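Rule-based calculations on the coordinates, nothing more; no lab input. Please read all numbers here as calculations on a predicted model, not as lab measurements.
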Amino acid sequence: MSVAREFELLEETKIKHPKKFKVYLLNDDYTSMDFVVDILITIFHKSYEQAESIMLDIHKKQRGLCGVYTHEIAETKVIQVTKRSQSSGFPLKATMEEE
């Protein structure tokens, strides 16, 4: 096998890592801090201490980073937050953006 062909095979077999997306919760004037902490614990699997810290970031900086995920997982988390917020009567919003 020629060196050029070997190089082509190596190039073809390179693994592409999936793009990652950051998921944020956005601040609003109506959602309770307790509800935000609960969302962070149940949907994002944060400890109480981590959830409280992120909740304070949301409150002070208008948004807080909840995690970094593949597109499908990030999208699912955003949908879960939206459904839970709506069913609980809160306007809490989650967004995702490419890392």
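May I ask for the angle, rounded to the nearest 10°, between helix 71-88 and the longest principal axis of the chain, with both axes built from Cα atoms and the value confined to 0 to 90°?
So the helix axis and the longest Cα principal axis differ by about 10 degrees.
Round to a whole angstrom and tell me the spacing of the C-alpha centers of the range 14-33 and the range 45-77.
7 Å
Please list the non-local residues whose amide H lies under 5 Å from the amide H of Lys93, H modeled 1.01 Å from N, same-chain partners needing a gap of 5 or more.
Amide H neighbours of Lys93: Leu26.
Per DSSP H run of n ≥ 4, the term is -39500 (n - 2.57); total these for the chain, divide by its residue number, and report the mean residue ellipticity at 222 nm rounded to 500 deg cm²/dmol.
-16500 deg cm²/dmol
Lysine pairs in the chain 8 or more apart or on different chains: how many have alpha carbons under 17 angstrom apart?
Lysine pair count for the chain: 11.
For the chain, modelled as a Gaussian network with Cα springs under 10 Å, which listed residue fluctuates most, Tyr24, Tyr69, Tyr48?
Of Tyr24, Tyr69, Tyr48, the Gaussian network model singles out Tyr48 as fluctuating most.
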